[in-house]
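The values are calculated or read from the model by the stated rules, or taken from the named source; none is laboratory data. A quick note: this is a predicted structure, and the numbers were derived from the prediction, not measured. In this analysis, Cβ positions are derived from the backbone assuming ideal geometry, glycine residues included, and neighbour counts consider all displayed protein chains. Each accessible area value is taken on the protein alone, full model and side chains, heavy atoms only, with ligands, DNA and RNA left out. Shrake-Rupley method; radii C 1.70, N 1.55, O 1.52, S 1.80 Å.
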Amino acid sequence: MTASKLFEPYKLGSITLSNRIAMAPLTRNRAIAGMVPNPLAIEYYGQRASAGLLITEASQVSQQGQGYQDTPGIYSPEQIAAWRKVTDRVHERGGRIFIQLWHVGRISHTSLQPNGGAPVAPSAIQAKTKTFVGGAFTDVSAPRALELGEIPGIVDSFKRGAANALTAGFDGVEIHGANGYLLDQFAKDGSNKRNDAYGGSIENRAKLMLEVAKAVAAEAGADRTGIRISPVTPANDVSDSNPQPLFDHIVDGLNAEKLVYIHVIEGATGGPRDIAPFDYASLRKRFSGTYIANNGYDLTLANKVLAANEADLIAFGKLFISNPDLVERLKTGAPLNAPDKATFYGGGAKGYTDYPTLAGALDTAQ
Ligand code: 8OZ
């Protein structure tokens, strides 16, 4: 077997990763009261610390930014203290961890919002999709359009999330700019019908994402700030009539802010990679930082893309749910555990911290 770049160390900004494998952000809905990360998350992330870079599950930067039951936040002192235990465990095991900063925008439900209010969006257009609340899949609620005067508050909530993430010991932050959540809703013309400075032209629709990137980079350091984007995903009923120039412009802006990475979901999130034509090489070319490729990668495709220098890191999602020692398994060609969909969202240790390692023993070391 030819040596694979996948297992070589990689310098990401000012930190060194032990390999080029990232664990993609994965929503698990196990937060406890107050949207505080579950104590089991210490073991869950600790078990996966051999990934070059762990990216946490999406974590809302405010109560308004929450869209599903039991997702953790990064806005209260209790949440910060609980995340600190996670980052300590990962660091004790030699890992590196970024937190994903999230605002869902219109993908929410009144039962989760402050005072039972409407979720917020660029425009008052209800997404044709469901969220998970009260133990059931439910239509998302009709949103209200954010007022122009509220937009600085959104930027500030991301900025505070970044400050809190540093207090919690994270190595950096990933802005969630993907999958039909607030920043993606502003960027794409299927959900943004505004006629102010944040709507209409590509420049105006991209403005919020780029303002958030600038504010977060100023707080955390650009070399500790990454962002996830999904140019053509149909996730959460989002669409754009011309995604190539939109994302070329966005990536030019991210490059100007010197972000440390772009994490690109190529194709439909968790689905086909070839759902729509899109030139990802154009993004790669425009961005001087690190390119993390994601969506449907296996070892063969990962090796091919790294060898061709089309990406620097490869993010694996579902395979990390079921294989805490995914790096070792890929390295040795060992068989992979299959993920159990029934335990993806919600519940406790089952399907969370009880997937076996190659050694067969559960990794329960303290
Ligand atoms: C699955 C279920 C709920 C949320 C994403 C944060 O798609 C999510 C998510 C995924 O980015």
When the chain is treated as a GNM, springs tying every alpha-carbon pair under 10 Å, which of Pro143, Pro77, Pro25 comes out with the largest mean-square fluctuation? Pro77
Contact order normalised by residue count of segment 49-125, Cα under 8 Å, 6+ apart, percent: 42 percent
What percent do you get for the relative contact order of the chain when only Cα pairs under 8 Å and 6+ apart count? 16 percent
Report Ile74's accessible area, 1.4 Å probe, all protein chains in place, as a number in Å² to the nearest 10. 0 Å²
Mind running the shape call on segment 101-171? Use the C-alpha gyration tensor, a ≥ b ≥ c as the square roots of the eigenvalues: rounded below 1.5 for a/c, prolate if a/b tops b/c, oblate otherwise. oblate
Could you tell me which residue out of His263, Thr233, Ala276 lies farthest along the dipole of segment 207-295 toward its positive end? Charges go on the beta carbon: Lys and Arg +1, Asp and Glu -1, centred on the Cα centre. His263
C-alpha center-to-center spacing [segment 269-288, segment 171-185] in angstrom: 17 Å
Candidate lysines - alpha carbon under 26 Å from Lys285, same-chain residues fewer than 8 apart omitted: Lys5, Lys11, Lys188, Lys207, Lys214, Lys258, Lys304
State the answer as a single residue: which of Met35, Ala49, Ser191 lies farthest towards the positive end of the charge dipole of segment 5-365, with beta carbon charges of +1 for Lys and Arg and -1 for Asp and Glu, about the Cα centre. Ala49
Just how large is the dipole of segment 5-365 about the Cα centre, in debye to the nearest 20, putting +1 at every Lys and Arg Cβ and -1 at every Asp and Glu Cβ? 220 debye
Using a 1.4 angstrom probe and counting only protein chains, how large is the accessible area of Lys350 in Å², to 10? 130 Å²
Give me the number: length gained by fully extending Leu40 to Lys193, i.e. 0.36 nm times residue separation minus the C-alpha to C-alpha distance, one decimal in nm. 50.9 nm
Figure the gain on full extension for Leu301 and Ser241 (residue separation times 0.36 nm, minus the Cα-Cα span) and round it to one decimal in nm. 18.7 nm
Taking the simple approach of a point 7 Å from Cα along Cα-to-Cβ for both Ala349 and Ser288, what is their distance in nm? 5.0 nm
What is the local net charge at Ala33, summed over the other residues whose Cβ is closer than 10 Å to its Cβ (Lys, Arg +1; Asp, Glu -1)? -2
Would you kindly derive the ³J(HN,Hα) couplings of segment 11-22 from the backbone phi angles with the Karplus curve 6.51 cos²θ - 1.76 cosθ + 1.60 (θ = phi - 60°), listing them in order in whole Hz, with x for Gly and Pro? 8, 10, x, 9, 10, 10, 9, 7, 7, 9, 9, 10
Can you grab the distance from the C-alpha centre of segment 7-73 to the C-alpha centre of segment 129-168, Å, no decimals? 18 Å
Leu148 to Asp274: FRET efficiency via 1/(1 + (r/R0)^6), r the Cβ-Cβ distance, R0 30 Å, to the nearest 0.05? 0.20
Please list Glu211, Glu328 from largest to smallest accessible area, probe radius 1.4 Å, with all protein chains kept in place. Glu328, Glu211
Length gained, Ala338-Asn309, 0.36 nm per residue minus C-alpha separation, equals 7.5 nm
With every protein chain in place, what's the accessible area of Thr16 (1.4 Å probe, Å², nearest 10)? 80 Å²
Of Leu326, Ala342, Thr353, which is farthest towards the positive pole of segment 294-366's charge dipole, taken about the Cα centre with +1 and -1 on the beta-carbons of Lys, Arg and Asp, Glu respectively? Ala342
Is there a quick way to get the dipole size of segment 58-184? I mean about its Cα centre, with the Cβ of Lys and Arg at +1 and of Asp and Glu at -1; what is the value in debye to the nearest 20? 160 debye
The chain: antiparallel bridges as % of DSSP beta bridges, rounded to 5, reads 20 percent
Point-charge dipole on Cβ atoms (K/R +1, D/E -1) for segment 77-141, about Cα centre, debye to 20: 200 debye
Counting only C-alpha contacts under 8 Å and six or more residues apart, can you give the relative contact order of segment 241-310 as a whole percent? 38 percent
